[in-house]
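The values are calculated or read from the model by the stated rules, or taken from the named source; none is laboratory data. Keep in mind the model is a prediction, meaning the values are calculated, not measured. Heads up, the Cβs are rebuilt from the backbone with ideal geometry, glycines too, and the neighbour counts pull from every protein chain shown. Protein only, heavy atoms only, side chains kept; ligands, DNA and RNA dropped before computing areas. Shrake-Rupley method; radii C 1.70, N 1.55, O 1.52, S 1.80 Å.
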Amino acid sequence: MADTLTITDNRTGQKYELPIQEGTIRTTDLKQIKAGPGDTGLMTYDPAFLNTAACRSAITFIDGDKGILEYRGYPIEQLAEHCNYLEVAYLILFGELPTEAQLNTWDDAITQHTLLHENVKKLMEGFQYDAHPMGIFISTVGALSTLYRDAKQVFDQEARNRQCVRLIAKVASIAGYSYRHSIGRNYVYPDNDLSFTGNFLNMLFKMTELKYRPNPVLERALDILFILHADHEQNCSTTAMRVIGSSHVDPYSAIAGAAAALWGPLHGGANEAVLRMLEGIGSKNNVPAFIARVKAGDGRLMGFGHRIYKSYDPRATIIKRIADEVFEVTGRNPLLDIALELERIALQDEYFVTRKLYPNVDFYSGLIYQAMGFPKDFFPVLFAIPRTAGWFAHWEELLRDSEQKIARPRQIYLGPKRREFLPRDKRT
Ligand code: ACO
């Protein structure tokens, strides 16, 4: 059986044989298919990239029908159970799980880069008192490009490694400051005695005590949430990272763009939207009426549905388990009952069943974040911290891929045909 595709162009009767490699055809192979002289060749039309592979990647594997997620071949369930976030970030970035010695070196490097330049602090102080922390986060990450001038050397591996360590470490500190700024509290400097996640909690919640000691259950829960959010192959923000990175701009500017894409309610802003939705529903009794409105086309059931997962999102399964552990410490989030009722009804309802709409990662994560004391505005920032590992890994992969070029899709032009200019007094 030949790995080829035979196409007959019924406009011309001509036949073409295209090679199939790794389950794909090259869309550039279609350019030879022309209706006649002057035709520039057949294109594919794929708004929102529903069925277009734009790269070859070795980072994350998803089987959306079976609900499988693997980073570099390791199942997410095993990584969430046995690893910490920095270990998983290392795996995503460098391809292998670190040895004990490699992990210690990596851990030290990240710890040594958590401090922010004092000018960054001043920059952040300039934001309006009630500025959205994600807006502060995006702007500040972008501004780092002005501090690290070597970031422009995107083809220098050592310079790239320096930006990698800086970014993984500093996004947590920027996130911490953005939170403290939004509640009008002093910025807390990093504490190098603590783990990555413990220190992050320190930068958020330290008050006047001499030493902040994170609750180990909450520290571990947040660390697992970071693992679950660290990468998800070619999602909207990662695609933004790759598209921006393809112009060879520095990684701070590209990550600012990727984070902006993450902020939208259809992507990483969904966990914030889920909480607002649950608060709006108000009580378990109002769930059937809410579901009826969604089915009638009035709004969406936020935290449900996924472009790739057509079964239960494996991350949602893990998050549901963590929620129980967190609520043991914090007390049960009263919105949980509404969420469980929404899930129960939706999973039996023909509308959701036929469209294969299941809870995604954002359905339960917001409930945990809220119980841990994070404000809703801060949820997308919590997503952006670990996703920085994924964005950076994809950027690195892009720059090493000799097939990649500046991203530049085609279009089907539907505007007016060429016409003559009209002076202002002749226009109607
Ligand atoms: N509630 C109600 N209906 C939905 C939902 C939902 N959450 N999601 C999809 N649908 C319906 C659509 O109306 C559509 O119905 P139709 O065929 O009758 O027109 C059908 O399901 C297919 O939906 P699409 O929008 O075509 O699916 P797409 O793959 O483009 O969208 C998305 C995926 C954006 C995640 C969508 O499911 C959604 O908006 N979900 C809510 C927002 C959300 O939770 N986002 C987080 C995603 S996970 C992440 O980014 C981390």
Quiz item: Helix 314-330 versus the longest principal axis of the chain: what is the Cα-based angle in degrees, 0 to 90, to the nearest 10?
Solution: 20 degrees
Quiz item: What FRET efficiency comes out for the pair residue 104/residue 51, r = Cβ-Cβ distance, R0 = 35 Å, nearest 0.05?
Solution: 0.20
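Do any GluC sites (Glu not before Pro) in the range 202-280 lie in a loop, going by DSSP, with at most 12 other beta-carbon atoms within 10 Å of their beta carbon, and if so which?
On the way: sites: 209, 219, 233, 272, 279; in loops: 209, 233.
Filter output for the range 202-280: 209.
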Quiz item: Taking the Cα-to-Cβ direction at residue 420 and at residue 115 and moving 7 Å from each Cα, how far apart do the two end points lie in nm?
Solution: 7.1 nm
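For the chain, which semi-axes, largest first and in whole Å, follow from the square roots of 5 times the eigenvalues of its Cα gyration tensor? Please report the intermediate quantities before stating the final value.
On the way: eigenvalues 300, 164, 117 Å².
They are 39, 29, 24 Å, listed from largest to smallest.
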Exercise. Report, in whole Å, the centroid distance computed from the Cα atoms of the range 293-348 and the range 211-235.
Key: 19 Å
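Given a 1.4 angstrom probe, I'd like the percentage of the accessible area of the chain that is carbon and sulfur, rounded to a whole number. Walk me through the numbers on the way to the answer.
Values: 11400 of 21870 Å².
After summing per-atom areas, the C and S share lands at 52 percent.
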Practice problem: Between residue 27 and residue 78, with labels modelled 7 Å along Cα→Cβ, what's the label distance in nm to one decimal, could you check? | Solution: 3.6 nm
Exercise. Starting with the highest mean, order 195-208, 87-100, 345-358, 31-44 by the number of other Cβ atoms within 10 Å, averaged over the residues of each peptide.
Key: 195-208, 87-100, 345-358, 31-44
Quiz item: With the chain treated as a Gaussian network of Cα nodes joined by springs under 10 Å, which of 185, 307, 26 yields the largest mean-square fluctuation?
Solution: 26
Exercise. Measure nothing but the geometry: give the 0 to 90° angle between the long axis through the Cα atoms of 85-94 and the longest principal axis through the Cα atoms of the chain, rounded to 10°.
Key: 30 degrees
Exercise. Tell me the label-point distance for the pair residue 211, residue 15, using the 7 Å Cα-to-Cβ offset, in nm and rounded to one decimal.
Key: 7.9 nm
Quiz prompt | Computed FRET value (nearest 0.05) for residue 149 with residue 35, which takes r as the C-beta separation and R₀ as 45 Å | solution = 0.30
Practice problem: With everything on Cα atoms, drop me the angle between helix 196-205 and the longest principal axis of the chain, reported from 0 to 90° to the nearest 10. | Solution: 70 degrees
Practice problem: In whole angstrom, note down how far apart the Cα centers of the range 78-96 and the range 138-203 are. | Solution: 20 Å
Exercise. Put one equal scatterer on each alpha carbon of the range 272-371, apply the Debye formula with no solvent term, and list log10 I(q)/I(0) at q = 0.20 1/Å to two decimals.
Key: -1.00
Exercise. Any chance you could check the Cα centroid distance between the range 243-280 and the range 352-374 for me, in angstrom?
Key: 17 Å
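If R0 is 22 Å, what FRET efficiency do you get for residue 340 and residue 308 from their C-beta distance, rounded to 0.05?
0.35
With a ≥ b ≥ c taken as the square roots of the eigenvalues of the C-alpha gyration tensor of the range 42-126, please select rounded if a/c is under 1.5 and otherwise prolate if a/b is larger than b/c or oblate if it is not?
Details: a/c = 2.68, a/b = 1.35, b/c = 1.99.
It comes out oblate by the Cα gyration axes.
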